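In what follows, a structure is listed as structure tokens, so that the remarks can point back to it.
Bear in mind that the values in this text are calculations on the coordinates, not laboratory data. Since the model is a prediction, treat every value here as computed from it, not as a measurement. Cβ sites come from the backbone with ideal geometry, for glycine too, and all protein chains shown count toward neighbours.
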Amino acid sequence: MHSAKKPKKVGSWQAIGALVAHYRRQARLTQERFAEVASVHVDTVRSVEQGRLALQPDRADQFDQLLGTGGALAVLVDRMPVRERVVQFAQGLVEHEQEAVSIMSYQSLVVPGLLQTRDYCRAVFDYRYPAQGTETAEQWVNTRMDRQLVWQREQPPVAHFILEEAVLRRQVGGPDITRRQIRQILEYTEPVHMSMQIMPMGRTPHACLDGPMVLLETPDHERLVYLEVQRASFLVDDLDEVSDYHLQYGMLRSQALSPDESVRLLNGLLGES
């Protein structure tokens, strides 16, 4: 069945925020004065203290220095698991992604987050409308980069990606950022546990015109499908539905370019073929 991921309580960030507020009061600083000495907007201080905005590592270091807390905030932030750092609507994916034994992803609009360069990722968030505040956008970029630590696990997941050719031709952030992104995708085609296929423009039939999806297998060999539409996300765990998505993905693999052909296309986009 489709299980819409309800927003989770951010208790950990509320606790850290309460600690920030406690240290700030001990230093006899108002929120307005603390924002001034930290060179941030007062709304940033309020959001951190209320647990609505995650305290990023560099900001934690800064707050520790200004409040004389001996590095306490930085230690707490460093111990936060990756899944606690992401925006709430994506937490369902990340909780399983970080432990998955296999990940298969089809994307039609942007490069998958697990493969993005920092600059490409920042450009994606910069394009969002309505615009995010700088602090929020940087938080999202940092947490997405943290998700990529999954590739550094002792036993990283077996991964397969299918990208629409149009994704690679879209100049997200400009030509230089796009070229660096394509080079990084090429690097990800080298490990034996990772594979990439491109769905060429104009290719029909096309088994996945309904949109992107991510297929995950957990260490307990449970198979899940993650679907995202705008700011809504769903985890599908019904066996029949999950089976249908796997059949759909399998058909899409047969329609896309082979891995070798996909590498040639990527090199061609770089002008290196």
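For this structure, a couple of remarks:
- The label point for residue 76 and the one for residue 30, both projected 7 Å from the Cα toward the Cβ, are 2.4 nm apart.
- For the chain, leaving out every one of the GluC sites (Glu not before Pro) that falls in a DSSP loop and has at most 11 other Cβ atoms within 10 Å, the longest unbroken run is 1-153.
- Peptides 145-151, 180-186, 102-108, 203-209 ranked from most to least packed give 102-108, 180-186, 145-151, 203-209, packing being the mean of other C-beta atoms within 10 angstrom over each peptide's residues.
- Helix-only CD estimate at 222 nm, as mean residue ellipticity for the chain, using -39500 (n - 2.57) per DSSP H run (n ≥ 4): -14000 deg cm²/dmol
- As computed over the range 84-206, the Cα convex hull volume per residue (Å³): 124 Å³
- Residue among 218, 189, 134 with the largest mean-square fluctuation in a Gaussian network model of the chain, springs linking Cα atoms under 10 Å: 134
- Spin-label zone in the range 31-65 - amide nitrogen under 19 Å from a point set 7 Å from the Cα of residue 145 along the C-beta vector: 54-63
- The chain: relative contact order in percent, alpha carbon pairs under 8 Å with at least 6 residues between: 21 percent
- Residue 230-residue 210 pseudo-label distance in nm [points 7 Å out on the Cα-to-Cβ vector]: 2.0 nm
- Whole-percent P(r), the range 2-80, all Cα pairs, 10 Å bins from 0: 19, 54, 19, 6, 2.
- For the range 238-264, backbone nitrogen atoms closer than 15 Å to the point 7 Å from residue 203 Cα along Cα-to-C-beta are found at 248-264.
- The candidate values are (i) 0.98; (ii) 1.02; (iii) 0.94; the one derived from this structure for Rg/Rh (Cα atoms, Kirkwood Rh) carries the label (ii).
- Amide H contacts of residue 213 (H built 1.01 Å from N, in plane; Pro and chain starts excluded): 106 sit under 5 Å, all sequence-distant by 5 or more or on other chains.
- Maximal additional length on extending the residue 176-residue 127 stretch stands at 16.0 nm, based on 0.36 nm per residue less the C-alpha distance.
- Cα-projected label distance for residue 184 with residue 166, points at 7 Å along beta-carbon direction, nm: 2.3 nm
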